[in-house]
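Reviewing the structure listed below.
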Amino acid sequence: MSEISSHVPMANVPVAAPPEISKLPPREWMKENLFSSPFNSVLTVATTIFLLAVFRGLLSFIFNPIRQWDSTATNLQLFMTRAYPDEQYIRIWFCVAVILILTGVSMAVWRAGSTMPVATLGHKLMGAGAFLALLALLAPFSASATIQWLAAAVAVAAVGEAVRRFAGRGGTDRTVSTLTVLVVTLAGLVASLWVVPYGHHSYIAKRVPRVLAEPGTVALTTKLPWTIMLMIVVAAYFAGRLMRDRLPANPIRAALVVLWLLAPFFLVYLVLRDPDFDMGHVFSTDLPIFIAYAVGGAALLSWLTRPSTGETGRIVAVLVLVAGFCTFLTPMRQVVRLDMLLLAVFALAAPTFAGGPRARRRYIFGWLGVLGVMSWLITSINTPSTVTVPGGFFIGGFSITLFVAVIALVISFPLGIALALARTSSMPIFRQLATGFIEVVRGVPLITVLIFFSIMVPLFLPRGMHLGEVAAVVIGYVLFSSAYLAENVRGGLQSVTRGQHEAAEAVGMTTAQKTVFIVLPQALRVSIPPLVGHCIGVFKETSLLAIIGVFDLLYIGRIVIPGQTEFMGSTRESLLFVSVIYWIFAYQMSKASQRLERRTGLGER
Amino acid sequence: MTDATAAEPTGGQTRDLSGARDMIVCEGVSKWYGDFQALDKVSATIKEQEVVVVLGPSGSGKSTWIRCINRLEIHQEGRIVVDDVELTNDLRNIEKVRSEVGMVFQQFNLFPHLTILDNVTLAPIWVRKKPRAEAESQAMSLLERVGIPEQAHKYPGQLSGGQQQRVAIARALAMEPRIMLFDEPTSALDPEMIKEVLDVMKSLALSGMTMMVVTHEMGFAKEVADRLFFMEGGQIVEQNTTDLFFSNPTEDRTKLFLSQIL
């Protein structure tokens, strides 16, 4: 800690350069690291043989001529969205575009990517060539196929060598942005869509269009959209760079975080909305209620956050809470009741956030924002969905996996934090309620929770209220996930030292201020690794959806596709494909967690 | 240790503070941790602008006493009145006292996830409800006063121990307290960093702040303190003005302590 600054005043003293670590030539490196003793030599040889055997087994599985890989390529649409009607498919692309725009802008604003020397890129390409050559030699190819693969390997390695020479020629260290490399790679993939007929398969006539989306190749339906998507994400990145350079950083980042949190709800709404929905009800009922609460609530909160209001404010806030509970005694629209309770929460918290005109304005904007989201959520829940498709819940595949995982996580995060705070609170009622909830939920298998929610909950609902099966299941996931999250966050809360609590109390902070400004930031930073582990867990546990009859990614790969007459018995191919998709996303989350840890400086103190 | 300053004991100890009003009044304060009695009927009065130093072996209850004064510990018997506000379970009184009393800890306890500037401005903005610009300009002038304005945008982990403790003093001063409590402020510091913290504390004492300091720095005590308390076993064994305390201690225990420490 103290070393860093004690070096600063000595800046004019010539600093001794650290000794260069000389690179060993390959032969000595191998001798030192792999064959340093007889035992190590045996270990090296045995491990190499074992790895080669496993790799060869995998290759002979993948390249066996009886594998029906076009079953996955042909069914990509089924894997991603199941039976979403073709004529409405533009909505799915719109969703992808929204997500990509947000990604592009965020990458620019948070300065994603780094630069690497061009020489390194050359080395990597040469490594890829060597890998391809190894693959060609190990895989059980015919002679001509082996020669073709070897030729490809040599070509890749040659490109790598050319890049390396090009880099070395200038004398200076040329660098290239990792983002450029990424975009070039993606562009290559998209370009291949136009050339290679992925999933080419001629169908028997008159298949049910719900199962196999359309005749022809997948490439025919996706090459144009994916090209547009690539252009969109690049454009979004440059737009984000413009914004980053022209506008102040913090408001943009805050706006982006809010957009990311709202996007899942908006996109679900967009995908499920009935195209013939009558907006009249919204204008005649929902909008007036929103405006009334917005104006009235803003006026009330403006008064409550005035420092001079004092104790009368707390009495008024409690009265609002009582009024909120009273609305449940009389017949009334649900949205009126919920908004009232929300207003009560804001009113009770108002004295904590009291202050100057700016602080008050910020608080009122917070109220308007939360109220807007809440009203819009309630409206969209009450909106009759949706696109009509015969059969059960028509959307599925990877999109349902993502929807359930993302929405469950977005809702369970605040809930889990609240539970953790309640469990560590000094108030016995909160503590015991939270402990009881957490212990009950953690003691029950997730499957029972899901079955309970899909079968039992509709029985308990008041008459006239209908909850879709997927919505019921999402509630189950939220409860389950929040209990586990709460325990992870609690670990972080306990890692905040007593001295931090005392320092915050000694400067006169209230418990709420101490929690928000001092304890939670430190606790959440410590809990990043377990929290990300939890996110990955929830993402993969969505595969349990199949048990209650939702067609999620795994179910389609395991049951639906091997059941198609064209691809009878292609279970292993689809399972491998599905696990690769899961792995890609889980691995990205893991990488994101590492970046987040580095950014927040975890482990540096 | 700080022998250069100990050579000329010309602090404020000859000041006549008998006319000043009482800032901290403790009457028969007792506290137990389980069966262990940490404080045993501690009674003392500290005047406005007075600087008192509390001495004693470890485990004698001096930290517990000072922490009771802004209710980081809760006393079980007796009464504590700070600036005419009695410390009871009433939350409003506690918050009022805490915003009037600044505290500096042995382990600094800066907020590691905030910059130095945010550490200093957080409480004025949210507790005192000051506008941000005003709080920041005040924080910068305080950081200049403790001698580290150039570190404002660093994080606590990047600073040395002495710098961190000076930031902690600035953070406490930002609330514009009437009383400052110091709980062994130099015990966790390297010897060469102690002086920079003590210098800040001396200038604070000269500016007329009411201060209560738990420390083992005898040089600081001789130079700055108006009065000394010696504690042992949760009791105040001896209290006297600085001159008399060092030149003519009455209790045997005090003599033993002074002979070992000086």
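Data for the structure
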| read-out | value |
| --- | --- |
| Among the candidates A:251, A:264, residue that is over 27 Å from residue B:131 (Cα atoms) and part of a helix (DSSP H, G or I) | A:264 |
| Matching residues, region A:476-516, being assigned to a helix (DSSP H, G or I), open to solvent by less than 40 Å² (accessible area, probe 1.4 Å) and at the interface with chain B (Cβ under 9 Å from one of its Cβ atoms) | A:499, A:500, A:502, A:503, A:504, A:506, A:513 |
| Flag for residue A:543 being under 30 Å from residue A:448 (Cβ atoms) and within 14 Å of chain B (Cβ to nearest Cβ) | no |
| Residues located in region B:88-110, provided they are surrounded by fewer than 21 Cβ atoms within 10 Å (Cβ to Cβ) and in a loop (DSSP other than H, G, I, E, B) | B:88, B:89, B:90, B:106, B:107 |
| Count of region A:534-550 residues which are in contact (Cβ under 8 Å) with a residue 60 or more places away in the chain and out of contact with any helix residue (DSSP H, G or I) (no Cβ under 7 Å at 6 or more places or on another chain) | 1 |
| Scope region B:117-167; condition assigned to a helix (DSSP H, G or I), aliphatic (A, V, I, L, M) and either within 18 Å of residue B:190 (Cα to Cα) or more than 12 Å from every other protein chain (Cβ to nearest Cβ) (or both); matching residues | B:117, B:139, B:140, B:142, B:143, B:167 |
| Region A:299-314 - residue that is at pLDDT 80 or above and β-branched (Val, Ile, Thr) and, of those, farthest from residue A:363 (Cα to Cα) | A:312 |
| Restricting region A:590-603 to residues that are part of a helix (DSSP H, G or I) and open to solvent by 50 Å² or more (accessible area, probe 1.4 Å), the residue that is nearest to residue A:113 (Cα to Cα) | A:595 |
| Within region B:172-181, tally of residues that are within 12 Å of another protein chain (Cβ to nearest Cβ), open to solvent by 10 Å² or more (accessible area, probe 1.4 Å) and at negative phi | 2 |
| Single residue of region B:73-106 satisfying the filter (at pLDDT 90 or above and within 7 Å of chain A (Cβ to nearest Cβ)) that is farthest from residue B:138 (Cα to Cα) | B:105 |
| Residue within region A:193-205 that is modelled with pLDDT of 85 or more and either in a helix (DSSP H, G or I) or closer than 30 Å to residue A:241 by Cβ (or both) present | no |
| Tally, over region B:215-255, of residues that are closer than 22 Å to residue B:64 by Cβ, in a loop (DSSP other than H, G, I, E, B) and touching a residue at least 24 places away in the same chain (Cβ under 8 Å) | 6 |
| Condition check for residue B:226: charged (D, E, K, R) and touching a Gly at 6+ places or on another chain (Cβ under 8 Å) | yes |
| In region A:1-29, the residues that are over 30 Å from residue B:188 (Cβ atoms) and either modelled with pLDDT of 80 or more or within 14 Å of chain B (Cβ to nearest Cβ) (or both) | A:27, A:28, A:29 |
| Condition check for residue A:541: surrounded by fewer than 21 Cβ atoms within 10 Å (Cβ to Cβ), of a type in the set (D, E, K, R) and outside any helix (DSSP H, G or I) | no |
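Listed here are the residues, each with its yes/no results for (1) within 24 Å of residue A:336 (Cβ to Cβ); (2) surrounded by fewer than 15 Cβ atoms within 10 Å (Cβ to Cβ); (3) of a type in the set (A, V, I, L, M, F, W, C).
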| residue | (1), (2), (3) |
| --- | --- |
| A:248 | no, yes, no |
| A:254 | no, yes, yes |
| A:263 | no, no, yes |
| A:284 | yes, yes, no |
| A:308 | no, yes, no |
| A:313 | yes, no, no |
| A:321 | yes, no, yes |
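The values are calculated or read from the model by the stated rules, or taken from the named source; none is laboratory data. What you are looking at is a predicted structure, and each value in this text was computed from that prediction instead of being measured. For neighbour counting, all protein chains shown are included, and Cβ atoms are generated from backbone atoms with ideal geometry for every residue, glycine included. Note: areas computed on protein heavy atoms with side chains; ligands, DNA, RNA excluded. Shrake-Rupley method; radii C 1.70, N 1.55, O 1.52, S 1.80 Å.
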